[in-house]
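Heads up: the structure comes next, in structure tokens.
The values are calculated or read from the model by the stated rules, or taken from the named source; none is laboratory data. All figures in this text were calculated on a predicted structure; none of them were measured in a lab. Ideal geometry is used to build each Cβ from the backbone, glycine not excepted, and the neighbour counts take in all protein chains shown. To get the accessible areas, we keep the full protein, side chains included, count just its heavy atoms, and leave off ligands, DNA and RNA. Shrake-Rupley method; radii C 1.70, N 1.55, O 1.52, S 1.80 Å.
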Amino acid sequence: MDQVTAGTASIGRYGNYINGAEVPCDREMESLNPFTGKAWAIVPDGSESDIHAAVAAARRAFDSGPWGRMTATERGRLMRRLGDLVARDAEDLALMECRDNGKLYREMLGQWRYIAEFFYYFAGAADKLHGDVVPSDRRNFFIYTRHEPLGVVGAITPWNSPGLLLAMKLGPGLAAGCTFVVKPSEHTPVSTLELARRFEEAGFPAGVFNVVTGQGALGAALVRHPGIDKVAFTGATGTGKRIAASAAENLTRASLELGGKSPNIVFEDADLRVAANGAIAGIFGATGQTCMAGSRLLVQESVHDALVDQIAERAGRIRMGDPLEPETEMGPVANEPQYRKVMDYIEVARSDGAVIRCGGRGDPALAGYFVQPTVLTGVTNDMRIAREEVFGPILSVITFRDEEEAIRIANDTRFGLAAAVWTQNVHRAHRVAHRLRAGTVWINAYRVVSFAAPFGGFGESGLGRENGMDSVREFTETKSVYVELSGETRDPFMLG
């Protein structure tokens, strides 16, 4: 990274990271701090030729480089070293991501410290991936299976949590033995470019990890590249559908972690104080810019007013401001297009008949893309605000009469990423959790993930799972090996 001067401020300049080296780019673009609205870094505005170079480097590393000759234990050792470097530099990486996307520094610091744990966990998984001996129905044959790495992975990451969502792909993919070409969001490229420097310091062979930054068209070029064996994408459902269609042209594997419209269901016997805190964390944490945001609050009619009063009162006291300040509770929306989208959805909800209980405006007292924490009541599940992903700090409150209606409303969505159940009845908690069509269900909690548990969605929330031991197999092919033991000559015209 070079330093350049803009006015009196010194900002970083980066190149693409290809084949173990930083490569200058003819075209560049600015990375904007959403709190200040000013450029804080200059990054490459790459081209298809950069994608070609990165894929070629990843292919060489996989097919003929030292990475492919390493044992699984040696790969795990490199991953542990990478985890150590991420842990060492978590404060710096968190600061960069905070400047890129406007999320709270303390949240980003927690994420980067946890990312180190991802690498430790999957480092341990690298040499635990083994095949099976298959009980054979074929006399004189010994049959076994192997799980072999898929090859070159094209990873496309979003702007809301670029480091964490990349780690959810890198951990299992590196453990399996794959190589990577990463195209981060044009809004948040810096932390990924900085991570590349840690790969180099950790001693990964050239070509194992490559980064090309630029506009969205680069992602399309990566997906359709014939040298890509798997696409791993996190982002909007519409984009995910286009990626799936494009990947299908080459029969490229695809895992897609997409959008959500997650229900947070509060029954009348819940601890309302705890449930209110969970609802606030679920939608106003990260300024509502998470795929798992609890944007639909389903509340039993008898406790609607009491719960909404608590949430609205607390939402009105949420302290917005500089994400770097420890007292700040909510930062800005990450970029101008997203800010406009969130504000448009508030107007859509109002015109459809929703009532703004609190918030509903930008904050003129603050620079940057700030939206007040917004609570909408009078929402029905057929309104656009209840059916479409907003990705902002807007909570839609919907009432239900009984358990059956709660489940019906919760499942009446094309998404199925996450859900939560708030109740003190243990039988109801598990009964409802089992009937919800969602990949992750919390009971009396919200917005908690673990690298050890699979994460992914039902329906239009995606394909495949990330995290957990099973996710490593998503980056492998299974090979069956038949060994003839008898040495007999067989009839060449008979199967088996």
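Quick one: would you say Gly288 is open to solvent by 10 Å² or more (accessible area, probe 1.4 Å), closer than 14 Å to Thr374 by Cβ and touching a strand residue (DSSP E or B) at 6+ places or on another chain (Cβ under 8 Å)?
Criteria not met by Gly288.
Looking at region 444-487, which of its residues are in contact with a Leu (Cβ under 7 Å, 6 or more places away or on another chain), open to solvent by 30 Å² or more (accessible area, probe 1.4 Å) and in a strand (DSSP E or B)?
Leu463, Glu477
Are any residues in region 420-443 in contact with a strand residue (DSSP E or B) (Cβ under 9 Å, 6 or more places away or on another chain) and assigned to a loop (DSSP other than H, G, I, E, B), and if so, which ones?
Hits for region 420-443 are Thr423, Leu436, Arg437, Ala438, Gly439.
To keep it simple, each residue is scored yes or no on (1) open to solvent by less than 40 Å² (accessible area, probe 1.4 Å); (2) of a type in the set (Val, Ile, Thr).
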site: Asp382; (1), (2): no, no
site: Leu395; (1), (2): yes, no
site: Asp402; (1), (2): no, no
site: Ile407; (1), (2): yes, yes
site: Asp412; (1), (2): no, no
site: Val421; (1), (2): yes, yes
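Residue check, Pro135 against (1) over 30 Å from Glu325 (Cβ atoms); (2) touching a residue at least 12 places away in the same chain (Cβ under 8 Å), all met but one. Which one?
(2)
Of all residues in region 169-192, how many are surrounded by fewer than 24 Cβ atoms within 10 Å (Cβ to Cβ) and either among the charged types (D, E, K, R) or free of Cβ contacts under 8 Å to residues at least 24 places away in the same chain (or both)?
Result for region 169-192: 1.
Among (1) farther than 30 Å from Glu91 by Cβ; (2) open to solvent by less than 40 Å² (accessible area, probe 1.4 Å), which single condition is Thr239 missing?
(2)
Which count do you get for residues in region 357-389 that are farther than 21 Å from Arg408 by Cβ, part of a loop (DSSP other than H, G, I, E, B) and within 27 Å of the chain's Cα centre (by Cα)?
Qualifying residue count for the region: 5.
Provide a single number: the residues in region 62-116 that are among the hydrophobic types (A, V, I, L, M, F, W, C) and within 22 Å of Ser185 (Cα to Cα).
13
Kindly list the number of the only condition in (1) within 25 Å of Leu165 (Cβ to Cβ); (2) touching a strand residue (DSSP E or B) at 6+ places or on another chain (Cβ under 8 Å) that fails for Gln338.
Condition not satisfied by Gln338: (2).
Of the numbered conditions (1) among the hydrophobic types (A, V, I, L, M, F, W, C); (2) within 13 Å of the chain's Cα centre (by Cα); (3) surrounded by 24 or more Cβ atoms within 10 Å (Cβ to Cβ), Leu195 satisfies every one except a single condition; which is it?
It fails just one condition, (2).
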